[in-house]
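First the structure, in the form of structure tokens, and then the observations on it.
The values are calculated or read from the model by the stated rules, or taken from the named source; none is laboratory data. As the structure is a prediction and not an experimental result, all values here were calculated from the model. Ideal geometry is used to build each Cβ from the backbone, glycine not excepted, and the neighbour counts take in all protein chains shown. All accessible areas refer to the heavy atoms of the entire protein, side chains included, with ligands and DNA or RNA removed. Shrake-Rupley method; radii C 1.70, N 1.55, O 1.52, S 1.80 Å.
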Amino acid sequence: MRAAEFYHSSALLAKAAPYVDAVRLGLAALDIDRFGELSDEAAEELQRRGWVERSDYDLERWRALAIRFAIARAQLSLAPNAIAAADRSIVRYAGKPPLADELTDAALEHGGDPCAEATSPSELAAVCDREPNLPRRLATYWYYRALIDDLLDPKDKTDRAFDGQAFTNAARLMALIDGDERDHPASDPARRHDARVALLLSHAAAFARQAAARRSTSSEADYDWYPALRTLIRAERLTSPVTQPGRFRQIGVQFGTICRAMAVERCRDDAQLGREYRYLTQDLAFLDQPTP
């Protein structure tokens, strides 16, 4: 599944599908009141697969897997029905945390702690007492929501379509809690760091699609090409070509593709973009050299 996400590979995602189907089946069995009674065939299948009572940690991982699979499929196809299915998977397996907007504002104001000023008796304090790992849940929700919002049709004029709020919330929360394994959407340091880069790559791609959809007027297209490139620069600042050559290559290739779409000369003429273009071009050439 991680390889399918990393390489945006339909073939790898197809290999992950049977395992994700098993996870969905198990989640349904462990939450019958929510998803309805299982058929005899489904119950037999669960027994055959050896499903037993699982810990909350396992359930969280399995719910995340179901969401990630739906998002990966939507990213590959960009089909409205796939995007809608991914949206539903967030609602089904994660859900928006109670008072998410208020708690997010508090977390951003207090270094990642959403409950810093929650005093009893209040609804905010009650949520803080009731919800375990609240910083992580908030960061995870906004992370998934941002990945979905980045896929919405650039021509969609709804409030949610590409307003960037979910991305902003996710990026800031993930940066604040990056050092705390318990509170981050990913479970180990390398994956925590890579999740931040993946978020930036997703947002840059959304800007690029927006620009491509508005190419009839160059000034309007530029409005989106430049943010796409600057978002990629943020991703590059988090990525080492030595320890993360795969991610670095993705950033460099995407940067070069956008520069060519808007005319390379315009990238070179901009001081910041020109430096980045030369740096990425040189390092990609180095990565392409055969290993002695």
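Here are a few things to note about the model shown:
- Rounded accessible area of Val91 (nearest 10 Å², 1.4 Å probe): 90 Å²
- For Trp142, solvent-accessible area (1.4 Å; no DNA, RNA or ligand), Å²: 20 Å²
- Accessible surface for Ser240 stands near 40 Å², nearest 10, in the context of the full protein assembly shown (1.4 Å probe).
- D_trans [Stokes-Einstein, Kirkwood Rh over alpha-carbon pairs] for segment 66-175, 25 °C, 0.890 mPa s, µm² s⁻¹: 167 µm²/s
- Full extension of the chain between Ala261 and Tyr19 yields a length gain of 83.2 nm, computed as 0.36 nm times the residue separation minus the alpha carbon distance.
- Here Asn81 and His110 are evaluated by their C-beta separation; at R0 = 45 Å the FRET efficiency comes out at 0.65.
- Arg130-Gln289 FRET efficiency (beta carbon distance; Förster radius 41 Å; 0.05 resolution): 0.15
- Take the Cβ atoms of Arg275 and Ser122, set R0 to 45 Å, and the FRET efficiency comes out at 0.35.
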